[in-house]
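Got a structure for you, written out below as structure tokens; questions coming shortly.
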Amino acid sequence: MELEDRLIAAVRSAACDRVAYVCYSGGVDSTVVLAASVRAGLETIALLGVSPSLAASERADAHLIAGEIGARVEEVETNEIELAGYRANAGDRCYYCKSALYDTVLALADRRNADEVIFVGTQVDDLGEHRPGLQAAIERGVVAPLVDAGFNKEDVRSLARSWNLSNAEKPAAPCLASRVPVGIEVTPQRLAQIEVVEEFLREHDVWPARARWHDSVVRIEVQPEMFERVTTDPLREELRRVCRKAGFRFVALDLGGLQSGTVSLPLVTL
């Protein structure tokens, strides 16, 4: 199969028999890289960065998915919340987040005296977006096999289907910090508020969804076909109670539906 051959070749070429540390999140991109490394016969370790920005449900899913492909997972605490640049959330938050992750991995390899290569799940569709984390990867010599193999998102999903990966169709799941507006400090307390609301929505099959933090207001984003469900009792009242208990005074449903990057969208002048 062409896609499989291209990716396996890219992984083997980059690794050169070194230990492969895969920065793994449980998303389809990093899962395909992880599976490719295992299939290539490399000594492979999936490193799952754990911090307040990782939802507990995503953490559990990541372990399950790695287990399906027989990959070894190690959790590493990344502590990006301790970085002033990360907390400031000035538009380059991902740079500090990825820097913390990669520096943690490099320090781990150094303690083990390992000759390693660090793989990430970046694919070519990511390259045209504003992703400060890519700069952190470049500075540290991190390798993106999907880019080397010329994979876009559809290529990734196609290979995931071919390999029968259970998360082949999994929607994107950015970290909880992406729900906090640019310019507003990221804190563990705010991340916990967001997680409580999103976990409720996930448990009630209103997913994918986002709980955007706006001080006393939580702005809920769901697919338009779910609008009626979340505004109809008993779910409406249960959701309102959960949001109030999480610390929000008001609950708003965004009529724009589920959107990407809405906490940093510019105002539109009419």
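Enumerate by residue number the GluC sites (Glu not before Pro) in segment 175-204 meeting two conditions: DSSP loop (anything except H, G, I, E, B), and at most 15 other Cβ atoms within 10 Å of the site's Cβ.
Listed in order of number, the matching sites are 185.
Over the heavy atoms of residue 125, what accessible area does a 1.4 Å probe trace out, to the nearest 10 Å²?
Solvent-accessible area, nearest 10 Å²: 80 Å².
Next question. Answer with one residue from 71, 83, 48: the one whose Cα lies farthest towards the positive end of the charge dipole of the chain, charges on Cβ with Lys, Arg +1 and Asp, Glu -1.
Value: 83.
Also: With a probe of 1.4 Å, find how much accessible area the chain has per residue, and write the answer as a whole number in Å².
48
Please name whichever of 113, 134, 175 sits farthest to the positive end of the charge dipole of segment 74-189, dipole taken about the Cα centre and charges placed at Cβ: Lys and Arg +1, Asp and Glu -1.
175
Also: Give the lysines reachable from residue 153 as a straight Cα distance under 19 Å; neighbours fewer than 8 places away on the same chain don't count.
170
Sum -39500 (n - 2.57) across every DSSP H segment of at least 4 residues in the chain, then divide by the residue count to get the 222 nm mean residue ellipticity, nearest 500.
Taking each H run of at least 4 residues, the total per residue is -13000 deg cm²/dmol.
Taking the Cβ-Cβ separation of residue 140 and residue 185 as r and a Förster radius of 35 Å, what is the calculated FRET efficiency to the nearest 0.05? Provide the component values of the computation, followed by the final result.
Values: r = 26 Å, r/R0 = 0.75.
With R0 = 35 Å, the Cβ-Cβ based efficiency is 0.85.
Here's something else I'd like to know. Largest first, please: the extent of the C-alpha atoms of the chain along each principal axis, to the nearest Å.
Cα extents, longest axis first: 56, 40, 38 Å.
Between residue 74 and residue 39, how many nm apart are label points set 7 Å from Cα along the C-beta direction?
If labels sit at residue 74 and residue 39, their model points lie 2.5 nm apart.
Scan segment 79-175 for trypsin sites (Lys or Arg not before Pro) in coil per DSSP, keeping those whose Cβ has at most 15 other Cβ atoms within 10 Å, and list them by number. Before the final figure, lay out the partial values.
Working: sites: 87, 93, 98, 111, 112, 140, 153, 157, 161; in loops: 112, 140.
When the trypsin sites (Lys or Arg not before Pro) of segment 79-175 are filtered for loop state and at most 15 Cβ neighbours within 10 Å, 112, 140 remain.
In whole angstrom, note down how far apart the Cα centers of segment 133-201 and segment 202-260 are.
Here the answer is 21 Å between Cα centres.
Working with all protein chains in place, sort 238, 2, 58 by solvent-accessible area computed with a 1.4 Å probe, largest first.
The ranking, largest first, comes out as 2, 238, 58.
Quick one: ranking 220, 81 by accessible area, 1.4 Å probe, largest first, what do you get?
Sorted by accessible area, descending: 81, 220.
If you place +1 on the Cβ of every Lys and Arg and -1 on the Cβ of every Asp and Glu, how big does the dipole about the Cα centre of segment 1-155 come out, in debye to the nearest 20?
Computed about the Cα centre, the dipole is about 260 debye.
Based on the alpha-carbon gyration tensor of segment 46-202 and its eigenvalue square roots a ≥ b ≥ c, which shape applies: rounded if a/c is under 1.5, prolate if not and a/b is larger than b/c, or oblate?
Rounded is the answer for segment 46-202, as its axis ratio a/c remains below 1.5.
Dipole magnitude of the chain about its Cα centre, charges +1 at Lys/Arg Cβ and -1 at Asp/Glu Cβ only, in debye to the nearest 20?
Details: 30 positive and 41 negative charges, 130 e Å.
Result for the chain is approximately 620 debye, rounded to the nearest 20.
The values are calculated or read from the model by the stated rules, or taken from the named source; none is laboratory data. The structure displayed is predicted, hence computed values, not measured ones. In this analysis, Cβ positions are derived from the backbone assuming ideal geometry, glycine residues included, and neighbour counts consider all displayed protein chains. Each accessible area value is taken on the protein alone, full model and side chains, heavy atoms only, with ligands, DNA and RNA left out. Shrake-Rupley method; radii C 1.70, N 1.55, O 1.52, S 1.80 Å.
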